[in-house]
Amino acid sequence: MFLPRLSDAGALVFNMQKRRGRTGRVRRRRRCCDSRGVNESHRPEFIELKRWLKDRKFEDTGLVPACFPGTGRGLMSRTSLQEGQMIISLPESCLLTTDTVIRSSVGPYIKKWKPPPSPLLALCTFLVSEKHTGDQSLWKSYLDILPSSYTCPVCWEPEVVDLLPEPLRTKAEEQRAHVQDLFVSSRAFFTSLQPLFAESVDNIFSYSAFLWAWCTVNTRAVYLRSTRQDSLSAEPDTCALAPYLDLLNHSPHVQVKAAFNEKTGCYEIRTASRCRKHEEVFICYGPHDNQRLLLEYGFVSACNPHACVPVPGETLVKYLPTADKQVHRKMSILKERGFTENLTFGWDGPSWRLLTALKLLCLEAEKFTSWKKVLLGEVISDANEKTSLGVARKICSDFIEETRAVLRKVSDMKEGNMLLVNQLALVEALWMEELRILQASAEIVSSL
């Protein structure tokens, strides 16, 4: 999913629009049409979903499913939306929660199983069971519009995961191991469900089916704190699947208010910004950088203002003079005070934490006693400022070259392996965004 960046010259464009003649108006119409979605409310699966939702007391708020260039399937507004307007109100009867699971056919088996399954496992089990049930499932209308596969790194081939930058690569490997461990540790529980099915549960609850269910919950669930079920483990029960609402795509440039309204008994979303008629309606999943978005949701957001390029703390040492006898003491101070983490390059240059860490590491021997002042943001000397900026420039330059090398490797792999082209395209998108951030940072550092 690639989201457009708002024009930095937006105010200028707005002010000049009145001066443009017919040609300008035609161009604007073309751009508007190019960004509009293709209404998909006529498709059988969406007609059935709307019918299913209406039976559960859902009232249409003027959003229709559509396919958009760049973001794919989402929701389009049939009318202009004003700030503070309700864009969706989903009754509790439409939400898929652990309470739904406990009241289903798998509920009695969950209640009997010891130790109690986790809320996440309960939701995954229900999804696999209902998907296998097919036409007889009460949730078929919702299941039919869910993706058949997901684009998160947990679903990727190992050779593609290896191309991810750190710390994302390590997190992706840990996430995959976690899902695999959960599946293996749950197989005995799945076996206990055999009386519910004519087919072998080994075939029904395969790893691929479980992975699909896990990704469905992880990528699509909304936050909803539920009353603790005695038959489930003590892990937080905060996930609910919200049919139709989960068609809303993410944009880092919008603000919404989302919460369950106890008075109305509905999960409600209100927009904090305006939206024009026939435009895609977005929500914000949170102020996440692109590595987090790719790991948890399987997409990269272009020109994401929250995006950054992490700089591992241990990387800093190799940019210091080998003759510096205080380097180990300096690194110890940084570690003790948490200055070896959350060091980044962003759209606006090196982060304050990164520059502060470099200033401390670049302290001359005779100024080392001033290290506390550095951490408080004080300027020690012009020489220290210049040296630390020089190191930041060098790190950024090296990162740019490393990024370009990875992009060349990804490009070569795309040509030689068509089966992995979609996964590689996401890797490429992430590295391209990081390259743009590094180039923006390099310009800023050079201008200081």
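With +1 on the Cβ of every Lys and Arg and -1 on the Cβ of every Asp and Glu, and nothing else charged, how large is the dipole of the chain about its Cα centre, in debye rounded to the nearest 20? Working shown, then result.
Details: 59 positive and 52 negative charges, 375 e Å.
Computed about the Cα centre, the dipole is about 1800 debye.
Between beta-carbons, use under 12 Å as the cut-off and find the net charge around residue 229, counting Lys and Arg +1, Asp and Glu -1. Can you show the working numbers first?
Details: positive: 103, 111, 228; negative: 99, 230, 235, 237.
Its environment carries a net charge of -1.
State the answer as a single residue: which of 295, 249, 232 lies farthest towards the positive end of the charge dipole of the stretch 232-297, with beta carbon charges of +1 for Lys and Arg and -1 for Asp and Glu, about the Cα centre.
Going by the charge dipole, the pick is 249.
Compute the helix-to-body angle for 22-35: its Cα long axis versus the longest principal axis of the chain, expressed 0 to 90° and rounded to tens.
It works out to around 60 degrees.
Determine the relative contact order of the chain: mean sequence separation of Cα pairs under 8 Å and six or more apart, normalised by residue count, in whole percent.
Relative CO of the chain lands at 18 percent.
Under 28 Å Cα-Cα from residue 409, which lysines qualify once same-chain neighbours fewer than 8 residues away are excluded?
Cross-link targets: 171, 318, 394.
Quick one: dipole size for the stretch 91-185, taken about the Cα centre, charges +1 on Lys/Arg Cβ and -1 on Asp/Glu Cβ, in debye to the nearest 20. Don't skip to the answer; put the middle values down first.
Working: 9 positive and 12 negative charges, 112 e Å.
Value, rounded to 20: 540 debye.
Taking a probe of 1.4 Å, how large is the accessible area per residue of the chain, in Å²? All intermediate terms of the calculation are to be shown ahead of the outcome.
Numbers: 23200 Å² over 448 residues.
The answer is 52 Å² per residue.
Would you tally the net charge around residue 83, using a Cβ to Cβ cut-off of less than 14 Å, leaving residue 83 out, and scoring K and R as +1, D and E as -1?
Working: positive: 257, 270, 274, 276; negative: none.
Result for the local shell: +4.
Compute the helix-to-body angle for 44-55: its Cα long axis versus the longest principal axis of the chain, expressed 0 to 90° and rounded to tens.
Helix 44-55 and the main axis of the chain meet at about 70 degrees.
Which residue, 170, 273, 444, has the largest displacement toward the positive end of the dipole of the chain when charges sit on each Cβ (Lys, Arg +1; Asp, Glu -1)?
Final value for the positive-end residue is 273.
Rule-of-thumb check for the stretch 252-311: C-alpha Rg over 2.2 N^0.38 Å?
Details: Rg = 14.4 Å, N = 60, 2.2 N^0.38 = 10.4 Å.
Taking the Cα Rg and dividing by 2.2 N^0.38 Å, one obtains 1.38.
Can you list, bin by bin at 10 Å, the percent of alpha carbon pairs in the stretch 182-306, starting at 0?
10, 30, 32, 19, 8, 0
Taking the Cα atoms of the stretch 194-246 alone, what are Rg (to one decimal) and Dmax (as a whole number) in Å?
Taking only Cα atoms of the stretch 194-246, I get Rg and Dmax of 14.1, 35 Å.
If you consider only alpha-carbon coordinates, what radius of gyration and Dmax does the chain have, in Å?
That works out to 25.8, 79 Å for Rg and Dmax.
How far is helix 327-336 tilted off the main Cα axis of the chain, in degrees rounded to 10, range 0 to 90?
That helix lies at roughly 40 degrees to the long axis.
How many percent of the alpha carbon pairs in the stretch 397-448 exceed a separation of 16 Å?
Numbers: 579 of 1326 pairs.
Of all Cα-Cα pairs in the stretch 397-448, 44 percent lie more than 16 Å apart.
Just subtract the alpha-carbon distance of residue 347 and residue 225 from 0.36 nm times their residue separation and send over the number in nm, one decimal. Write out the running numbers ahead of the final one.
Details: separation 122, 0.36 × 122 = 43.92 nm, distance 3.57 nm.
That works out to 40.4 nm of additional length.
Give me the net charge for the shell around residue 58: Cβ to Cβ below 15 angstrom, other residues only, Lys and Arg +1, Asp and Glu -1.
Details: positive: 50, 51, 54, 56, 57; negative: 48, 55, 59, 60, 92, 246, 268.
Local net charge: -2.
The values are calculated or read from the model by the stated rules, or taken from the named source; none is laboratory data. Not measured: the values here are computed from a predicted model. No Cβ is skipped: glycine too gets one built from the backbone with ideal geometry, and neighbour counts run over all protein chains shown. Ligands, DNA and RNA are excluded from the accessible area calculation, which covers all protein heavy atoms including side chains. Shrake-Rupley method; radii C 1.70, N 1.55, O 1.52, S 1.80 Å.
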